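Each reported figure results from applying straightforward, stated rules to the coordinates on display, with no laboratory input. If you're wondering where the values come from, they're calculated on a predicted model, not measured in any experiment. We place every Cβ from the backbone using ideal geometry, glycine too, and count neighbours over all the protein chains shown.
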Amino acid sequence: MGRDARVTAAGWEIAAVSALTAAVLLSAGVAKILSPGVLMRSVAEVFPPFARLGPLPVRVFGSIECAMAISLLAGPARVPAAVAAAVAGGMFAILGGLGRARGSALPCGCFGVGSRRPLGWMNVATGAVLVLAGLAETTARPVPAGPYSTASALFTAIAVVCSGCWASRQLIGPLLRTRSVTAEG
Amino acid sequence: MLIVLSFAVLVLAIGVLVLFAMMGELSARVPQGGGPERSTVIVPLETERIGHSPGHWPPGLSHLKQGDGCLLVLSSSCTSCQDVAMQVTRNPGHLEWQEMAVLVSAFDAKTGKEFVSTHGLGPVPHYVDERGSWVTGEFSIRQSPVALTFSGGQLMAAYSFHDVAALRAAISETRQDAARQPERTGS
């Protein structure tokens with residue numbers, strides 16, 4: 001890292017925005033790869049022909065989301081990945097709107113088996129945030145690649161662990177509760 | 001050096017995320033305590049139709065002709081069947097069960113369709129069997145909830161059940177035992 005490659009305040013902001021976007025994409029992508037059936041059924045609920053395709057398209061889309069997230073953290077690929085993330089956000093918002101309009105009742109499964117809300121406003125909001133983040137990335141000034149990647153990768157790691165803990169809180173909670181143990185000889 | 005280290009931390013974090021996702025998947029597949037009291041006992045039903053392949057498969061169930069399949073026979077008028085339908089639709093792990101199909105036995109098509117829409121069974125492969133004529137004619141099944149397991153379209157077993165997770169565990173165990181059987185006889 002050279003002395004001239006210092007990150008400005010705006011650079012830190014962009015790194016944080018990228019990290020949050022990448023964390024959302026990674027969480028959603030990993031969930032889609034490991035548990036594609038839940039999302040497949042909820043999409044099929046609002047768009048019945050989708051059921052015929054099976055879980056493969058969901059897994060492929062999950063892999064694309066992970067690739068977008070990693071590209072977002074690599075300096076040179078940041079802007080194209082941000083555009084792709086904004087397009088994906090638009091798709092999420094449309095899907096959420098369709099779910100809301102058609103009265104979706106099945107759990108969405110967008111972030112794994114813990115996502116029990118049906119397709120609706122939450123997906124519209126998540127999609128809108130991704131679109132806004134994409135716009136912010138594309139309109140921001142260039143940032144020095146090395147420091148940007150270092151900072152955004154670390155922020156993403158923190159965000160991914162935090163979001164994983166939050167999404168799995170119902171599983172983690174009982175494990176943390178202490179149980180009284182009786183000592184018997 | 002710093003950049004390599006930060007990406008190494010990211011890889012570890014992704015590993016943690018994968019573990020969380022697998023933990024969620026696992027918990028969705030095993031019976032959970034703390035929920036409403038329901039029996040986890042799975043009772044194999046004796047029927048002379050074991051090994052029978054239906055002459056025709058109704059629309060929505062034709063995929064059971066190939067590979068392994070499990071048909072949940074529910075009735076629109078039984079309370080336990082409503083509980084089973086809710087287990088299926090509220091537990092994402094069950095919605096992921098690719099080999100599952102649902103047959104709703106109802107007095108008429110309208111009642112059956114209402115049961116399907118009320119419990120959100122639409123995306124699950126399903127068939128409304130008016131007065132249970134198909135399932136009774138083909139498999140002599142006159143009770144519900146019942147699970148029929150198939151292999152290549154042939155009826156392998158019938159079970160009376162109340163808990164879907166316990167049913168899945170029993171089916172999985174039976175298949176593992178069946179897979180081990182040739183090994184034992186061969187050795």
Can A:Ser163 be described as in a loop (DSSP other than H, G, I, E, B) and within 30 Å of A:Ala44 (Cβ to Cβ)?
no
Residue count for the range B:134-149, restricted to those that are touching a strand residue (DSSP E or B) at 6+ places or on another chain (Cβ under 7 Å) and assigned to a helix (DSSP H, G or I):
2
Those residues of the range A:31-50 which are facing chain B (nearest Cβ under 7 Å), closer than 20 Å to B:Glu25 by Cα and not in a loop (DSSP other than H, G, I, E, B) amount to A:Ala31, A:Leu34, A:Gly37, A:Val38, A:Arg41
Exactly one of A:Leu25, A:Leu20 is within 12 Å of chain B (Cβ to nearest Cβ), out of contact with any Gly (no Cβ under 9 Å at 6 or more places or on another chain), hydrophobic (A, V, I, L, M, F, W, C) and in contact (Cβ under 8 Å) with a residue 40 or more places away in the chain, and that one is A:Leu25
Candidates A:Ala93, A:Ala159, A:Ala153 - the one that is touching a residue at least 12 places away in the same chain (Cβ under 8 Å) and either β-branched (Val, Ile, Thr) or more than 14 Å from every other protein chain (Cβ to nearest Cβ) (or both):
A:Ala93
Selection within the range B:55-113 - surrounded by fewer than 18 Cβ atoms within 10 Å (Cβ to Cβ), in contact (Cβ under 8 Å) with a residue 60 or more places away in the chain and of a type in the set (Gly, Ala, Ser):
B:Gly55, B:Gly60, B:Gly67, B:Ser80
